[in-house]
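Comments concern the structure below.
Just so you know, all these numbers are worked out from the coordinates, no wet-lab data involved. Predicted model only: the values in this text are computed from it and were never measured. Reconstructed Cβ throughout: ideal geometry from the backbone, glycine too, with neighbour counts over all protein chains shown.
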Amino acid sequence: MAKKLDKNKLVIVESPAKAKTIEKILGSSYKVISSYGHIIDLPKTKIGVDVKDNFKPSYLTIKGKGEVIKKLKEAAKKADEIYLASDPDREGESIAWHIANTLKLDHNEKNRIEFNEITEKAIKEAVKNPRKINISRVNSQQARRILDRLVGYEISPFLWKLISPNTSAGRVQSVALKIICELEDKIKSFVPEKYWDVKGIFDEKYNLNLYKIDDKKIDKLKDEKLLERVKKDLKKKYEVISSKVSNKIKNPPLPLKTSTLQQLASSYLGFSASKTMMVAQKLYEGISINGEHKGLITYMRTDSTRISEEAKEMARKYITKEYGKEYLGYYKKVKDKDNVGSVSPKTKKNDKNVQDAHEGVRPTDINLTPQSIMQFLDKDQFKLYNLIWQRFLISQLAAMKYEQFEYILEKDKIQYRGSINKIIFDGYYKVFKEEEDLPVGDFPKIKEGDKFTLDKLDIKEDYTKPPARLTESSLVKTLESEGIGRPSTYASIIDTLKKREYVELQNKSFVPTEIGYEVKTQLDKFFPNIMNIKFTAKLEDELDEVDSGDKDWIDLLKTFYTELQKYEEKCKASVEKELEKLVESDIIGKDGKPLIMKIGRFGRYLTSQDEDSKENISLKGIEISLEEIKSGKIYVKDKIEELLKKKEGEKTDIILENGARLILKYGRFGAYLESEKFKEDNVRKTIPKDIKTKIENNTIKRENGILCLKEIFEKIEAENAAILKKAGKCEKCGKPFEIKNGRWGKFLACTGYPECKNIKKIEKK
């Protein structure tokens, strides 16, 4: 009897980077192919949601995905079993559902598999335990997508009319913008208060902080009368009213989740949220190490800090080997006197926000230390992997234990407090020391009843500071604490705000732009529910309820849309009134009347007040303040003339061999030089950065209206010629070098590229 052949099994993943690794793990009876993310989505050019038919979405094949779907169908026909292995979150569940529908798979079949890491054990375990597609999770994702679509398509047109066609509303991004704008308002309205920081030096050696006056704690002393009272006690005796030693512990920080990963990567590495997720995705999908593709971290979109028992055991073995058993984190409360208060590294789960049951972000194998695989990672991958690996190790180490000696001195209800610490066991401090100050030293021999003289007062006058602006790190933290968005959305929220130019970065902090303020103002005015932080957070909770099967997604959408329509009606009437207002310009039309500003499909433009006239001037590229528009009069004549001049270009004194003159022009990336006979000779030249700066600052001389660049460029060419002469020929292939401009300035590159990739620094004189 012939041996029965293994079944032909098909596994569909999101990313092609995973496919080869998983196929190798599962063996020859499995074929693994990629859907390249979503295969269908709502249309880009229309709302794509039938609000009258229970918000039925009209999904369309994403442009370019026709060939992918064809390959999926062909592979499915040949397969005996099909497994849907998209990412383990709501979006991944939605992708699996779309694929199942496209391939006409039975929804009662257990064909959905998920894994939190790309390792042999995790993959094989997932295949052994398939499940049905979780339709509640799918509906939660659908509801989120439709909510975002309703807000974008229903509200944005009002902003187009009120402000500009380039503006838009977003269910979550608009609330994030509100948070940034309101913080800026607080900063602008902040009135500094004088305060005094007071320290007392006792017996010329004990430096203590002012602690209490009349039993009230003093953080910042703002009352000058109290300050004078403090000063009166100089050279007087204070008595020790409290002197005690207490046992303290500092537990290690929790394992990483998406938000803390983004925060730390921003603070320590300078990564944006989107960059962090992009690099983390590569680490998750896997890196080739010694010819073997390995997933280095667990799935990086998670609200959980939970760590599996298997991962804890892996960490225990590593810690025991490297540091000793005493450095193992405790996983139960320890009651013996030697380990009082020592507890396990905390695992926290906020039920309201945690949407998935997977682990925190950690390395798949703690034995793959950052240093041991450094050569296989690029610079950014190494930095992020090192951060994730270290944080996981630290989270599994024992708590740091210390004793704290605290003593309080008092006279006439004025108290000073001092403390000093003695580390008993360094625990996780052996690997990572917290940034907060923990003064360490020998305990002084001080007991209750002892008296000390206040020899000196160290008084520093200062003023209270306004609240700090939000960085990417603190914005993510704020969004999470307010319940706005979820791990998968933080990066896109921030990216949208930056791309729309609603905010700009100043010293790595967010500052709202004029247009950002106006968008926030108009949305606050007409759609207060959409801009309400608590309302948005409640909506996120309700989406979680849909996920858990406790709420109907259609009911959620109906309630939201009914309320949205009420606000829309009010807004519509106000917008029509606004549009009736004429905004005149300082340009007179052919009819002798000022041209008026209108907003069309392609942005703002000027047109005649005579409806029969076809006189139009585009305002694209012209900055107009919103204050001007509101005043009913805009001044754009000079700006338009300047823009026209830039388009026409400015003559320079550089003449080409064919007799053509180079013209200074401005493009997408700033100033450049172009031949006046460009259509014939196709000559364009880049301008070095330092010369561009001089042009912008108007520090280059002009003679008879001609920009004098010839001498400057001749000098640069002479310097370059000298550099190339000194460099000689490439020592690897014998070809000459050329000068290239990179991120860090000029460098030498071999002209034999790509065969020869030799590059050299240009030595400074």
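Backbone amide hydrogens, once placed in the peptide plane, bring Ile654 within less than 5 Å of Leu662, Leu709, Lys710, excluding anything fewer than 5 places away on its chain. Applying a 4.7 Å Cβ-Cβ cutoff to the chain, the cysteines left without a disulfide-compatible partner are Cys181, Cys571, Cys708. Put simply, when 311-318, 211-218 are sorted by average Cβ atoms within 10 angstrom per residue, most first, you get 311-318, 211-218. Highest-first packing order for the peptide set 691-704, 636-649 is 636-649, 691-704, based on the mean count of other beta carbon atoms within 10 Å. Take every Cα pair under 8 Å whose residues are at least 6 apart in sequence, average their separation, divide by the length of the chain, and the relative contact order is 12 percent.
Which entries in Lys598/Lys651; Lys598/Lys647; Lys275/Lys325; Lys534/Lys633 show an alpha-carbon gap greater than 29 Å? Violating the 29 Å Cα-Cα cut-off are Lys598/Lys651; Lys275/Lys325; Lys534/Lys633.
Within segment 654-755, all pairs of alpha-carbon atoms sorted by distance into 10 Å bins from zero give the percentages 12, 36, 34, 16, 2, 0. With the cut-off at 1.5 for a/c, could you classify the chain from its C-alpha gyration tensor as rounded, prolate or oblate? Verdict is rounded for the chain. Counting every alpha-carbon pair across segment 714-761, the share separated by more than 11 Å comes to 65%. Rounded to two decimal places and with Rh computed the Kirkwood way over Cα pairs, what is Rg over Rh for segment 649-713? Result for segment 649-713 is an Rg/Rh of 0.94. Between Asp586 and Ile634, Val636, Lys637, the built amide H atoms are under 5 Å apart, and every one of these is 5 or more places off in sequence or on another chain. Only aspartates and glutamates eight or more places from Lys110 in sequence, or on another chain, were considered; those with a Cα closer than 16 Å are Asp80, Glu81, Glu93, Glu125.
Within 11 Å, Cβ to Cβ, of Gly270, how many net charges do the neighbouring residues add up to if Lys/Arg are +1 and Asp/Glu are -1? Counting the neighbours of Gly270, the net charge comes to +1. Among residues other than Asp50 whose Cβ falls under 15 Å from its Cβ, what is the net charge (Lys/Arg +1, Asp/Glu -1)? With Lys, Arg at +1 and Asp, Glu at -1, the neighbours total +4. Local charge for Thr513 was computed over the other residues whose Cβ lies under 10 Å away, with Lys and Arg +1 and Asp and Glu -1, and equals -3. Using the alpha-carbon centroid of each, what span in Å lies between segment 139-201 and segment 493-532? Here the answer is 5 Å between Cα centres.
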